[in-house]
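S.K.: A single structure is presented below for examination.
The values are calculated or read from the model by the stated rules, or taken from the named source; none is laboratory data. Remember, it's a predicted structure, so these values are computed and weren't measured experimentally. FYI the Cβ positions are ideal-geometry reconstructions off the backbone, even for glycines, and counts take in every protein chain you see. Quick note on the areas: whole protein, heavy atoms, side chains included, nothing else; ligands and nucleic acids left out. Shrake-Rupley method; radii C 1.70, N 1.55, O 1.52, S 1.80 Å.
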Amino acid sequence: MRVESRQLKSFLLDANIVNESQFKEIKKRAEKTGQKIGDILVAEKFISESDFIKLEAYILGIPFVDLEKESISPDILKIIPEPIARTHNIIAFRKKDKELEVAMLDPEDLQTIDFIRKKAGLKILPRLTTPKSIKKVLQQYQKTLRAEFGDIIMTQAKTVGKKEEKIKGKAEVIKSIKEKKELGGKEDLKKTAEELPVIRIVDTLLKHAILQRASDIHIEPTEKEVIVRYRIDGILHDAMTLPRQAASGIVARIKVLSNLKLDEHRLPQDGRFKVETEDYKYSIRVSILPIFGGEKIVMRLLSETSKSFSLEELGLRGSASEDIQTNIRKPVGMILVTGPTGSGKTTTLYAILEILNTPEVNISTIEDPIEYQIPRINQTQVRAKIGLTFANGLRSLVRQDPDIIMVGEIRDNETAGLAINAALTGHLVLSTLHTTNAAGAIPRLLDMKAEPFLISSTLDIVIAQRLVRRFCADKEAYKLNVSEIKNLEEYCDLKKILEILKKEKIIKEEQSFENIEFYKPKSSKKCPDGYQGRVGIYEVLSVTESIKELIVKGATSDQIQEQAQKEGMRTMIEDGFVKAAQGLTSIEEVLRVVKE
């Protein structure tokens, strides 16, 4: 369902909205800029937005609906989940028998219509509407969510009221508080956690987060409200604001799911639970922290059905990929991946394990948490409460006749010593460290009391990485001006980057920075901020003979970094600029993650 330009032209001319030459000029501009003819007509005030949509509906033979003042039943509204409605600008507003009428902005979005048809099991009748109508109806999703909280709030208010009637004097107040604390507190919380509205609220928070591809959910109580935020592609976004009264119910429900202590409000607690439907299967890692306003919850969402990525899919190409492939084929040694929390280190290790996972080898891991389950690999979860730490787990793994060992993280002296010893005694060891760059891994190991000669004997390669957001389908090309180029010189060596871009044949030999096309994100219905998904930027430090000499001499990370760059190592910012010039991401994204 698409309005052809000749049809549109005919109607516009007949209605005296534009003349022949005006339409020709608008069409030419639309082709040049990638805009739609309708968007230019509205922007230039030839026609109002609602009138153009009505015209479009008439040409396509699709009914037009105005829903700005309509109140839609929550049961009908929820047939299309809020994240889908917001992302695709499509809402359900009327249902009769097996027919569902949906209002939308894009009549070409047949994929979404087909998805809703399969999901709802109904015949879908599309209708065109205005952005204002969509915006007004989307606000009603919040109302349905608040309605679910209504029962809890009313129940809590009534309960408090009844208890207040019974309390008359100081002695009775003290007695009541003691009784509640000692006898009823835990039971009350458990009862609250099992109430249907609370269950629905937590289920809704999880469902929305999964549909929006969030990696984390933050539930933060404040003095007057509860703020829920989702981390999507590494960036936190406000998802919804809930009434303050709902906090205790949400915390209690999540504690019950995670098998945590309901009546413990003073100490941090960690747990996990699983969410499983026909469409997805997730392991949820829970962290609860007492704060001034109550208890803050952070839930990490780990998909159990995610497929592993190849090194190329992660963004490792060319000489960096070749260096990794060469070193992981060695039977012994140590490979480290470094970067801050959330930079994709474990995903990179899993990609390497997938390459190494053959019937000829025995692979064992000790992880916290096990993010993905890999067939034929023996994965062990750290359980510090019962004494199964990285160090103790690693000590046991070496007695399991492994060829390859993966340690989730080297975080203390004992684990560092055991990992190096395992690499010395005939194993290939893979692990992660929290350092800002590749060269920083070596001083970090020295801080953990590892001997320099042992590090130089075992360490083969260090991979440092960050994740940058990928552009969605649409992006806007531009060229850097003189002041922008001057600002960039503060962060990187532009001459070297220019050489790399020419060597990679991304630009021509005669090109300078002033005439290289870079890109900016372009907002769309599918991707409001212009990004979707992420790709890695890397620096890969191979431990050559000259680097080994520097390690033994106790060189600083800057000296090691300088030598590695002399030998051809590409830094993260240089790799980021290559990906920016290739149109995968923006310069702003690269600088954002490298400067963190």
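S.K.: Taking Leu591 as meeting all but one of (1) assigned to a loop (DSSP other than H, G, I, E, B); (2) open to solvent by 10 Å² or more (accessible area, probe 1.4 Å), write down the number of the exception.
M.R.: Failing condition for Leu591: (1).
S.K.: Which ones in segment 268-303 are open to solvent by 60 Å² or more (accessible area, probe 1.4 Å), among the hydrophobic types (A, V, I, L, M, F, W, C) and not in a loop (DSSP other than H, G, I, E, B)?
M.R.: Leu289, Ile291
S.K.: Taking helices (runs of 4 or more DSSP H) that fall entirely within segment 524-588, which contain at least 1 residues that are polar (S, T, N, Q)?
M.R.: On the way: elements: 545-552, 557-566, 572-581.
So the answer is 545-552, 557-566.
S.K.: Mind checking which pairs have a first residue in segment 281-294 that is under 13 Å from Arg266 (Cβ atoms) and a second that is open to solvent by less than 30 Å² (accessible area, probe 1.4 Å), Cβ under 6 Å, 6 or more apart or different chains?
M.R.: Listed pairs, sorted by first residue: Ile288/Gln269; Ile288/Glu295; Ile288/Ile297; Gly294/Pro221; Gly294/Ala247.
S.K.: With the structure loaded, tell me whether Glu484 is open to solvent by 70 Å² or more (accessible area, probe 1.4 Å) and either outside any helix (DSSP H, G or I) or within 30 Å of Glu517 (Cβ to Cβ) (or both) or whether it fails that test.
M.R.: no
S.K.: Which residues, counting only those in segment 55-85, are touching a Leu at 6+ places or on another chain (Cβ under 9 Å) and under 29 Å from Ser5 (Cβ atoms)?
M.R.: Passing the criteria: Leu55, Glu56, Ala57, Ile59, Leu60, Ile62, Pro63, Phe64, Val65.
S.K.: Are any residues in segment 554-588 at positive phi and open to solvent by less than 10 Å² (accessible area, probe 1.4 Å), and if so, which ones? Break it down into steps so the answer makes sense when it comes.
M.R.: Our first condition is that a residue be at positive phi; within segment 554-588, this holds for 554, 568, 583.
Once the filter is applied, which keeps residues that are at positive phi and open to solvent by less than 10 Å² (accessible area, probe 1.4 Å), segment 554-588 yields only Gly583.
S.K.: Give me a count of the residues in segment 243-285 that are aromatic (Phe, Trp, Tyr) and in contact with a strand residue (DSSP E or B) (Cβ under 6 Å, 6 or more places away or on another chain).
M.R.: Qualifying residue count, segment 243-285: 2.
S.K.: Could you check Ile363 against (1) surrounded by fewer than 22 Cβ atoms within 10 Å (Cβ to Cβ); (2) over 29 Å from Gly315 (Cβ atoms); (3) touching a residue at least 12 places away in the same chain (Cβ under 8 Å) and say which number it fails?
M.R.: (2)
S.K.: If we keep just the residues of segment 313-334 that are more than 26 Å from the chain's Cα centre (by Cα) and not in a helix (DSSP H, G or I), which is surrounded by the most Cβ atoms within 10 Å (Cβ to Cβ)?
M.R.: Restricting to residues being more than 26 Å from the chain's Cα centre (by Cα) and not in a helix (DSSP H, G or I), the top hit is Met334.
S.K.: Restrict the check to segment 499-508 and report whether at least one residue is modelled with pLDDT under 95, surrounded by fewer than 23 Cβ atoms within 10 Å (Cβ to Cβ), among the basic types (Lys, Arg) and part of a loop (DSSP other than H, G, I, E, B).
M.R.: The answer is yes; a qualifying residue exists.
S.K.: Can you report the number of residues in segment 63-78 which are without any contact (Cβ under 8 Å) to a residue 60 or more places away in the chain and not charged (D, E, K, R)?
M.R.: Going through segment 63-78 one residue at a time, the tally reaches 2.
S.K.: Considering each of Ile551, Ile537 in turn, give the residue that is open to solvent by less than 50 Å² (accessible area, probe 1.4 Å), in contact (Cβ under 8 Å) with a residue 12 or more places away in the chain and farther than 20 Å from Arg444 by Cα.
M.R.: On inspection, the qualifying residue turns out to be Ile537.
S.K.: Follow-up question, since we're still on this one. Based on this model, can you work out whether Gln511 counts as among the polar types (S, T, N, Q) and either crowded, with 21+ Cβ neighbours inside 10 Å or not in a helix (DSSP H, G or I) (or both)?
M.R.: Judged against the criteria, Gln511 is a match.
S.K.: For the list (1) more than 19 Å from Asp279 (Cβ to Cβ); (2) modelled with pLDDT of 90 or more, I need the number of the one condition that Leu122 fails.
M.R.: Just one mismatch for Leu122, condition (1).
S.K.: Return the residues of segment 380-427 that are over 22 Å from Phe453 (Cα atoms), among the polar types (S, T, N, Q) and open to solvent by 40 Å² or more (accessible area, probe 1.4 Å); say none if nothing qualifies.
M.R.: Thr380, Thr389, Asn392, Ser396, Gln400
S.K.: If we keep just the residues of segment 178-202 that are among the aliphatic types (A, V, I, L, M) and open to solvent by 60 Å² or more (accessible area, probe 1.4 Å), which is modelled with the lowest pLDDT?
M.R.: Leu183
S.K.: Counting only residues that are more than 17 Å from Val286 (Cβ to Cβ) and of a type in the set (D, E, K, R), which one in segment 203-245 is least open to solvent (accessible area, probe 1.4 Å)?
M.R.: Asp233
S.K.: Ok, one more. Consider only pairs whose beta carbons are under 8 Å apart and that are at least six residues apart or on different chains; among these, list those whose first residue lies in segment 16-27 and is over 13 Å from Ser5 (Cα atoms) and whose second residue is assigned to a helix (DSSP H, G or I).
M.R.: If the second residue must be assigned to a helix (DSSP H, G or I), the pairs left are Ile17/Leu41; Val18/Leu12; Val18/Ile26; Val18/Leu41; Asn19/Leu13.
S.K.: Which one of Ile53, Ile116 is in contact (Cβ under 8 Å) with a residue 60 or more places away in the chain, assigned to a helix (DSSP H, G or I) and crowded, with 17+ Cβ neighbours inside 10 Å?
M.R.: Residue meeting the stated conditions: Ile53.
S.K.: Condition test on Ser308, is it closer than 30 Å to Ile405 by Cβ and in a strand (DSSP E or B)?
M.R.: no
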